[in-house]
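Please treat every number below as a calculation from the coordinates, not as lab data. Since the structure is predicted, the reported quantities are computational estimates derived from the model, not experimental observations. Because the Cβ atoms are built from the backbone with ideal geometry, glycine has one as well, and the counts that use them run over all protein chains shown.
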Amino acid sequence: MAEEGSAGAGSARVDVWIWSVRLTKTRAIAAAACRAGHVRVNGERAKPAQSVRAGDEVRLFHAGRERIVVVRRPVTKRVGPPVAAECLIDNSPPPPTPVEAAVVGIRDRGAGRPTKRERREIETLRGSR
């Protein structure tokens, strides 16, 4: 008896597999990630139609973080979260905490573009106003 959602030949397209195990919301997003070079299978850049088999390592850069997963079972139909967890081994680094993510946006005073207040002070010094 064949399992529901499993590929007959033991392989699946990488874009379909990424979508099936819920790493992306849509298949179109998965295919676009492949075309943009954000998906690697066993270290090689993957096209959307490349097949993946059990034991392959898939690296996906999506939504600001890198996901590193190993294929346990190739599936070609979207499956629920409990089944999706059985189809992969997640070796991804933990996502950054909200505190770590917020620190990235802070810049040192005087670095970058001047503020409106600083621009007005510069104009006053130059005598432009």
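Some observations on this one:
- Its residue count N sets the reference 2.2 N^0.38 Å, and the alpha-carbon radius of gyration of the range 10-80 equals 0.94 times that reference.
- Residue-count net charge about SER51 - beta-carbon cut-off 15 Å; Lys, Arg +1, Asp, Glu -1: +2
- Across the range 15-115, the mean sequence separation of Cα contacts (distance under 8 Å, 6 or more residues apart), normalised by length, yields a relative contact order of 24 percent.
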